[in-house]
Amino acid sequence: MLIRVTTQTKQSINTMGYAIFVAFTLLAFASFVLASDPSPLQDFCVAINETTDGVFVNGKFCKDPKLATANDFFFSGLHMLGNTSNQLSSAVTPTNVAQIPGLNTLGISLARVDFAPYAIAFSGLSSQNPGVITIANSVFGSNPPISDDVLAKAFQLDKNVVDNLQAKFWMDIA
């Protein structure tokens, strides 16, 4: 059986194809989703060590917001030079929820890093209680040790240099 294709049939097929294309396009645009973090339950949660009448939020108990003071959001130790007379010739002064109770639930902290003899750096961190990892300790002082052949190849060092670095006492700054 032969089907006769006319100009009208071609136009109907083109119109139907166009309609399907428009429908898929609209579906594609309709499927975009906007997402954001929910608003915090409260504007701030000053951390306290007392467990009586406190609300437990983000690992700390919260002080009654009516009892919050300016001192809950203040730290005066960032102007002081850290002791850099150690193996790394540096010192870190952390400023997190332990030093500024008002930072609780805000997910931020600050650190002052002193490098001997006079360099100073400040770092803003997007964590309420960040940790510290010293790369030299992690690489050359790991337990069990990383193969000196691997380290020599990775850092393009002589194997004796790697052995020397692995033999040094690595300071635990945690």
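The values are calculated or read from the model by the stated rules, or taken from the named source; none is laboratory data. For clarity, every value in this text was computed on a predicted model and none was experimentally measured. Methodologically, a virtual Cβ is constructed for each residue, glycine included, from the backbone with ideal geometry; neighbour enumeration extends over all protein chains shown. Remember, those area values only see protein heavy atoms, side chains included, never the ligands or the DNA or RNA. Shrake-Rupley method; radii C 1.70, N 1.55, O 1.52, S 1.80 Å.
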Original post:
Say we look at the range 149-174 and pick out the residues that are of a type in the set (D, E, K, R) and part of a loop (DSSP other than H, G, I, E, B); which of these is farthest from Leu103 (Cα to Cα)?
Top reply: Asp158
Original post:
Restricted to the range 122-142, and to residues that are open to solvent by 60 Å² or more (accessible area, probe 1.4 Å) and small (Gly, Ala, Ser), which residue is nearest to Asn164 (Cα to Cα)?
Top reply: Gly131
Subject >> Residue in the range 85-107 that is farther than 30 Å from Cys45 by Cβ, without any contact (Cβ under 8 Å) to a residue 12 or more places away in the chain and not aromatic (Phe, Trp, Tyr) present >> reply: no
**OP:** Kindly check whether there is at least one residue in the range 79-95 that is touching a helix residue (DSSP H, G or I) at 6+ places or on another chain (Cβ under 9 Å), at pLDDT 90 or above and open to solvent by less than 80 Å² (accessible area, probe 1.4 Å).
**Re:** yes
**OP:** Give just the number: which of (1) of a type outside the set (Asp, Glu); (2) touching an Asp or Glu at 6+ places or on another chain (Cβ under 7 Å); (3) more than 30 Å from Tyr118 (Cα to Cα) does Ala91 not satisfy?
**Re:** (3)
Original post:
When you scan the range 51-148 for strands (runs of 3 or more DSSP E) that lie fully inside it, which ones turn up with 2 or more residues that are closer than 28 Å to Lys168 by Cβ?
Top reply: 90-95, 109-115, 119-125
